[in-house]
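Below is one structure, written out as structure tokens; comments come after it.
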Amino acid sequence: MSNLAGVLSAIVSATAWGIGDFAGGMAARRESPIRVLGVVSGAGLLALLAAALIIGEPLPQLVDVGWGLVGGAAGALGIVTFYRALAEGSAAVVSPTAAVVGAAIPIVAGAILEGPPGGVQLLGIAVGLVGIWLVSRSPQGSRAEARRDLSRALLAGVCFGAFFICLAQVSQGSVFVPLVAAKAAALAVSIAILARRGSLVPLMRPHPWALAAGVLDAAGNVFYVLARQLSRLDVAAVLVSMYPALTVMLARGLLKQAVSGGQWTGIGLCLVSVALIAI
């Protein structure tokens with residue numbers, strides 16, 4: 001039986017990431033996505049650092065900080081690759097492929113490190129992967145674009161999967177300080193890219209939507225680490241990867257964007273998956 005606290009933590013993480021992605025998308029309407037990433041990383045770093053100081057979390061082992069640094073860098077590279085693929089290619093291929101690969105890699109790692117999950121959990125994971133794919137799909141794109149964009153989507157998904165696996169290695173009870181290291185690494189990647197482009201100035205006047213996205217992203221990271229410490233790696237990774245469902249629903253409700261029948265089906269499958277995993 002799944003640890004209910006772990007399942008709930010993963011759902012909270014997915015909720016925070018889903019709302020955060022919506023806020024980040026709103027910010028990206030006025031700023032370059034890479035600039036938004038820089039603001040999101042900086043705001044998240046400050047929020048996590050403040051939380052670590054307020055809670056008084058003891059300093060972790062150096063290995064935990066190392067996992068945080070590697071995970072943060074991998075996550076940032078994944079986002080940069082993902083944004084570039086979306087900007088130059090087909091969202092119909094890029095988004096679902098990156099989402100499913102990012103969730104599938106921790107499933108394989110979880111099976112190797114912890115053994116295969118139970119039958120009902122395995123069914124829930126499989127249903128969740130299909131739901132994630134359908135929720136993330138866009139009706140846009142052509143077959144030629146699909147071939148061109150697949151490699152970038154796979155690279156982004158591998159980076160996302162590496163992020164999940166690295167943060168999953170953080171020692172029990174250590175949360176905020178390793179995540180501070182992760183955000184510092186992500187911010188360093190963002191600054192390096194922006195400096196290369198000569199675009200550091202926008203970081204000094206961030207958009208409120210980007211600041212909100214940064215805080216929400218940090219919260220999602222915290223609850224993902226908690227979910228991993230309270231449940232299996234594969235369960236936590238699949239549940240938190242359902243965050244696009246909430247982003248889609250917010251876009252439909254607040255921006256009146258069209259939602260396809262396949263996306264609604266995906267949302268329904270995600271809910272079924274949560275129920276199966278929580279059994």
| request: Note down the net charge around Val259, summing +1 for each Lys or Arg and -1 for each Asp or Glu among other residues with Cβ under 12 Å from its Cβ. | output: +3
| task | Place a label point 7 angstrom from the Cα of Leu59 along the Cα-to-Cβ direction, then list the residues of segment 172-190 whose backbone nitrogen is under 17 Å away. | result | 174-182
| message | Using Cα springs under 10 Å in a Gaussian network model of the chain, which residue among Ile125, Ile19, Ile54 shows the largest mean-square fluctuation? | response | Ile54
| Extension gain from Val259 to Ala188, taking 0.36 nm per residue of separation minus the Cα-Cα distance | 22.0 nm
| What net charge do the residues around Ser9 carry, taking every other residue with its C-beta under 13 Å from that of Ser9, with Lys and Arg at +1 and Asp and Glu at -1? | +2
| remark: Note, segment 260-275: 3J(HN,Hα) by Karplus (6.51, -1.76, 1.60, θ = phi - 60°), whole Hz, Gly/Pro = x, goes 6, x, x, 5, 4, 4, x, 4, x, 5, 4, 5, 4, 4, 4, 4
| task | Just subtract the alpha-carbon distance of Ala275 and Asn3 from 0.36 nm times their residue separation and send over the number in nm, one decimal. | result | 96.7 nm
| Ranked list, fewest to most other Cβ atoms within 10 Å of each Cβ, for Lys183, Lys256 | Lys256, Lys183
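Using mean Cβ contacts within 10 Å as the protection proxy, how do 213-226, 25-38, 59-72 order, highest first? Spell out each step's value before the answer.
Working: 213-226: 24.6, 25-38: 20.4, 59-72: 18.7.
Averaged packing, sorted descending, gives the order 213-226, 25-38, 59-72.
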| Along the charge dipole of the chain, which of Gly115, Pro58, Ser32 sits closest to the positive end, that is, farthest toward it, with unit charges on the beta carbon of Lys, Arg, Asp and Glu (+1, +1, -1, -1)? | Ser32
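Values in this text are rule-based calculations from the coordinates and carry no lab data. Keep in mind that this is a model prediction, so the values were computed, not measured. Every residue, glycine as well, gets a Cβ built from its backbone with ideal geometry; the counts of neighbours run over all protein chains shown.
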